[in-house]
Amino acid sequence: MSEIITLYHGSTKIIERPEYGKGNARNDYGLGFYCSEDLELAKEWACGSRIGGFANIYSLDIFGLSVLELTDPQYGILDWLAILVNNRAFDITSQIAAEAKDYLTEYFLPDTGAFDAIRGYRADDSYFTFAMDFLSNTISLRQLNRAMALGSLGKQFMLKSKKSFNSIQFIRNEPADGEIYFAKRQKRDRQAREQYLKRERRTIQLRDDIFMLDILREEMKQGDARLHGGIPE
């Protein structure tokens with residue numbers, strides 16, 4: 001049996017053979033090969049400048065692969081956030097943020113060691129800024145959930161094991177016009193930030209809103225009914 005999916009990797013280069021063990025260990029989910037299941041998003045990710053790049057197109061047989069599905073309802077936004085703060089390098093802006101990072105990685109970090117691949121949401125810089133506001137106790141969990149729906153996060157599929165790398169096959173590539181897709185990438189980020197500043201940073205706080213400081217003080221943990229809800233579609 002087989003279960004074939006099509007993946008797209010945005011890059012300034014044509015990559016016919018992804019190499020296991022290469023890449024940036026400080027990406028969202030750690031060291032691996034990051035792809036999208038959306039061609040247009042991959043073209044945006046390929047264009048960090050107006051020079052442009054390529055959307056490398058692959059087929060992957062996921063039959064027999066163990067895939068951590070972070071979009072599954074059993075996982076919430078704090079599980080996703082715990083993975084981000086465990087992998088990404090960022091400046092700790094306050095004592096609360098430092099304690100929040102340690103608390104999330106201790107009590108909400110999923111065990112990714114046994115998985116061949118991870119499917120979940122991508123945190124562009126704007127969204128990571130929203131997450132840092134939550135860690136610093138500036139916005140509530142409700143506001144963070146709402147903020148993550150701004151501009152559409154986009155989902156990513158990350159290959160992390162040798163088995164998954166051995167299962168991917170290069171098909172072809174498509175050029176990504178830098179003038180077009182760099183502008184789209186900037187627009188997506190700009191709109192998300194503008195909406196966030198207009199709506200979430202100025203929204204009225206509700207009496208039952210939960211902040212990071214509440215989670216720390218009341219020692220809320222995985223499965224707490226007060227922490228329901230994942231990242232909005």
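Per-residue 3J(HN,Hα) values for segment 169-181, derived from phi via the Karplus relation 6.51 cos²θ - 1.76 cosθ + 1.60 with θ = phi - 60°, read 10, 6, 9, 5, 9, 10, x, 10, 5, x, 4, 7, 7 Hz in sequence order (x marks Gly and Pro). Can you list the chymotrypsin sites (Phe, Trp or Tyr not before Pro) in segment 55-89 that are in a DSSP coil and have 14 or fewer other beta carbons within 10 angstrom? Qualifying residues, ordered by number: PHE63. The overall shape of segment 1-131, judged from the alpha-carbon gyration tensor, is oblate: a/c is not under 1.5, and a/b is no greater than b/c. Here the calculated FRET efficiency for GLN191 and SER66, from their Cβ-Cβ distance with R0 = 30 Å, stands at 0.25, rounded to the nearest 0.05.
Remark: the chain carries 52 Å² of accessible area per residue (probe radius 1.4 Å; ligands, DNA and RNA excluded). Rank LEU81, TYR107, PHE33 by how far each Cα sits towards the positive end of the charge dipole of the chain (+1 on Lys, Arg Cβ; -1 on Asp, Glu Cβ) and give me just the farthest. Value: PHE33. Name the shape class, rounded, prolate or oblate, that the alpha-carbon gyration tensor gives for segment 31-99, where a ≥ b ≥ c are the square roots of its eigenvalues, rounded holds for a/c under 1.5, and otherwise prolate holds if a/b is larger than b/c and oblate otherwise. Because a/c hits 1.5 or more and a/b fails to exceed b/c, segment 31-99 counts as oblate. With the simple model of a label 7 Å out from the Cα in the direction of the Cβ, ILE51 to ASN166 spans 3.5 nm. Taking amide H positions as modeled 1.01 Å from N, with prolines and chain starts lacking one, the residues under 5 Å from LEU68 and 5 or more places away or on another chain are ASP116, ALA117, ILE118, ARG119. Taking amide hydrogens as placed 1.01 Å from N in the peptide plane, the amide H of GLY32 sits under 5 Å from those of ASN24, each at least 5 positions away in sequence or on another chain.
Using a probe radius of 1.4 angstrom, the carbon and sulfur fraction of the accessible surface of the chain is 46%.
Beta bridges per DSSP, both residues in the chain: antiparallel share near 90 percent. For the chain, the relative contact order comes to 29 percent (Cα pairs under 8 Å, sequence separation of at least 6). Put a plus charge on the Cβ of each Lys and Arg, a minus charge on the Cβ of each Asp and Glu, and nothing anywhere else: the dipole of segment 130-183 about its Cα centre is then about 460 debye. For the chain, the longest principal axis of the alpha carbon atoms and the long axis of helix 95-107 meet at an angle near 60°.
Here the chain is scanned for trypsin sites (Lys or Arg not before Pro) in DSSP loops (not H, G, I, E, B) that have at most 14 other Cβ atoms within 10 Å, and the longest stretch holding none of them is 51-200. Of the cross-linked pairs LYS187/LYS221; LYS13/LYS184; LYS43/LYS162, those separated by over 29 Å at the C-alpha level are LYS187/LYS221. For segment 135-141, putting each phi into the Karplus relation 6.51 cos²θ - 1.76 cosθ + 1.60 with θ = phi - 60° gives couplings of 4, 8, 6, 7, 10, 8, 4 Hz, in residue order, rounded to whole numbers and with x for Gly and Pro.
Close amide H contacts of ILE139 (hydrogens built in the peptide plane, cut-off under 5 Å, sequence separation of 5 or more or a different chain): PHE134.
For the chain, the 222 nm mean residue ellipticity estimated from helices alone, with every DSSP H stretch of n ≥ 4 adding -39500 (n - 2.57) and the total spread over all residues, rounds to -10000 deg cm²/dmol. Oblate is the label for segment 126-184. Its Cα gyration tensor axes, ordered a ≥ b ≥ c, give a/c of at least 1.5 and b/c at or above a/b. Comparing Cα centroids, segment 72-141 and segment 31-64 end up 23 angstrom apart. What the phi angles of segment 116-133 give under the Karplus curve with 6.51, -1.76 and 1.60, with θ = phi - 60°, is a coupling list of 7, 8, 10, 10, x, 7, 9, 10, 5, 4, 5, 5, 5, 5, 4, 4, 5, 4 Hz, glycine and proline written as x.
Computed from Cα positions, the angle between helix 77-87 and the longest principal axis of the chain comes to roughly 70 degrees.
The values are calculated or read from the model by the stated rules, or taken from the named source; none is laboratory data. As the structure is a prediction and not an experimental result, all values here were calculated from the model. Note that we place each Cβ from the backbone using ideal geometry, even for glycine, and neighbour counts take in every protein chain shown. Calculation scope for accessible area: heavy atoms of the full protein, side chains included, ligands and nucleic acids excluded. Shrake-Rupley method; radii C 1.70, N 1.55, O 1.52, S 1.80 Å.
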